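The values are calculated or read from the model by the stated rules, or taken from the named source; none is laboratory data. If you're wondering where the values come from, they're calculated on a predicted model, not measured in any experiment. Glycine also receives a Cβ, built like all others from the backbone with ideal geometry; neighbour counts cover every protein chain displayed.
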Amino acid sequence: MHSYRTTFSPSPRVARAIRELARREGKSVSRIVDELLQAALDQSGHERNANEGFKVEPFALNLRPGLDPTRLKDILTDLEVEHE
């Protein structure tokens with residue numbers, strides 16, 4: 001199984017429920033999220049196929065001068081902190 005790191009931002013209600021489920025079942029948050037997503041995919045009829053590929057369509061971001069595309073995640077995090 002190939003795994004990778006990613007970031008997602010659940011609502012506070014969902015985050016609490018995931019943490020509580022992880023604590024109750026003695027599993028990591030990552031494991032709980034994976035199990036929940038697998039169950040949702042299985043329920044939706046999505047077939048698992050590790051060989052299924054996807055096509056990435058690149059496009060120009062047309063960023064303003066001075067914005068570093070490698071730091072966009074940092075900017076988003078800063079904005080989220082200010083918003084809370």
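Name the residues in region 3-31 that are within 23 Å of T77 (Cβ to Cβ) and among the aliphatic types (A, V, I, L, M), would you?
V14, A15, A17, I18, A22, V29
Just the residues that are of a type in the set (G, A, S) and under 13 Å from the mean Cα position of the chain (by Cα), please, taken from region 30-44.
Matches in region 30-44: S30 only.
What do you reckon, is L61 more than 18 Å from R5 (Cβ to Cβ), in contact with a helix residue (DSSP H, G or I) (Cβ under 7 Å, 6 or more places away or on another chain) and modelled with pLDDT of 80 or more?
Yes, satisfied.
Take the residues of region 4-47 that are among the hydroxyl-bearing types (S, T, Y) and without any contact (Cβ under 8 Å) to a residue 24 or more places away in the chain: which is surrounded by the fewest Cβ atoms within 10 Å (Cβ to Cβ)?
Ranking the candidates gives Y4 first.
Scan (1) modelled with pLDDT under 85; (2) charged (D, E, K, R); (3) within 17 Å of Y4 (Cα to Cα) for the single condition D42 breaks and write down its number.
For D42, the exception is condition (3).
So, in region 1-36, of the ones that are among the hydroxyl-bearing types (S, T, Y) and part of a loop (DSSP other than H, G, I, E, B), which residue ends up modelled with the lowest pLDDT?
S3
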